[in-house]
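The values are calculated or read from the model by the stated rules, or taken from the named source; none is laboratory data. Only a predicted model underlies this, so the values are computations on that prediction, with no experimental measurement involved. Note that each Cβ is placed from the backbone with ideal geometry, even for glycine, and that neighbours are counted across all protein chains shown.
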């Protein structure tokens, strides 16, 4: 699942607070304390778009996969039944050789997602070749549902019956066998942040006008203050764009992993493995090669409260404390990267053994035993990696 916007917007808030400190004469105390983003939307999870979005976890449902309708009309009909009435645009279907995107978002943004999915598939196959694990071709094109905003996304998740963590802004559902996400640019967090920016701008402009009328205005400082506000607005919009790219890639990796045999749908893999895999593909430069071993190492803002001994056996993401989600994802990606870079043959064997477990959810003892069979003592590894 995906977990993106809130922490990033909180970073914008901190940056904007610095602007306030530089030009206090243009800000009211109330605005200065609010900074660019009201505390009501400061994340409790680093890097997560909704505490109520998500790129990250679903509870995997070990049931028979629902068949996907074959025609565009049937697919649209099935999906629109789960939405609260028609959206601003009619639902349309976009196809490539490997994916079907059903979208009510604008055509340009939707086609960019479709390109990202195809690009991610290319990089995913390159990763599998390097790991030397076999992939099977999906039986049919893989489906992604794109809805316009967070509220419609929430309504869809409820109506679909997909089990989704409350903080996820996007997800892959094993039962439905599709990815669902909304346009990050329209998230409630982003809209609230931009509203705060607009309020600061109006307040600043009012103070500038008052200072100009009284003859006490420093024109250079006034221009600088307005420029900083505009920079923060652009930063937030770019952050939403970047997070949307990461989310599309992240969820696409889940879709591919569970439809190419790397992670069988009828077995519940450890969360660290699924999320470490998907997170290690995230990038904001998808035209360059990306994936495990190719990205820049991400440092967790804080350490996960989930011990590694527990993490390697955890199969339900809803058991991760909400405030700990980002740290868990980042540290899972760090663990995945380290093992991929330094113990690739063991990782290959681990993936194959996980895929060979009995259907369903394996016991914590079995999962820890399997991990230590390939990578050695969990406790030693945790000390080495600082988990």
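Structure data summary
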quantity	calculated
Residue check, residue 303 exposed (fewer than 15 other Cβ atoms within 10 Å of the Cβ), at pLDDT 95 or above and closer than 27 Å to residue 168 by Cα	no
Qualifying residue in the range 236-249 (condition: in contact with a helix residue (DSSP H, G or I) (Cβ under 9 Å, 6 or more places away or on another chain) and farther than 22 Å from residue 150 by Cα)	no
The lone exception for residue 351 - which of (1) under 26 Å from residue 170 (Cβ atoms); (2) modelled with pLDDT of 95 or more; (3) loosely packed, with under 13 Cβ neighbours inside 10 Å it fails	(3)
Complete set of residues in the range 105-119 that are under 20 Å from the mean Cα position of the chain (by Cα) and either under 30 Å from residue 86 (Cβ atoms) or outside any helix (DSSP H, G or I) (or both)	105, 109, 110, 111, 112, 113, 114, 115, 116, 117, 118
Residues of the range 57-99 satisfying the condition of being surrounded by 13 or more Cβ atoms within 10 Å (Cβ to Cβ), at pLDDT 85 or above and closer than 18 Å to residue 141 by Cβ	72, 75, 76, 78, 79, 91, 92, 93, 94, 96, 98, 99
Hits in the range 127-171 (condition: over 20 Å from the mean Cα position of the chain (by Cα), closer than 20 Å to residue 91 by Cα and assigned to a loop (DSSP other than H, G, I, E, B))	141
Leading residue by the ranking (nearest to residue 307 (Cα to Cα)) among those in the range 340-357 that are touching a helix residue (DSSP H, G or I) at 6+ places or on another chain (Cβ under 9 Å) and not in a helix (DSSP H, G or I)	343
Test: residue in the range 197-216 that is surrounded by fewer than 24 Cβ atoms within 10 Å (Cβ to Cβ), assigned to a loop (DSSP other than H, G, I, E, B) and out of contact with any helix residue (DSSP H, G or I) (no Cβ under 7 Å at 6 or more places or on another chain)	yes
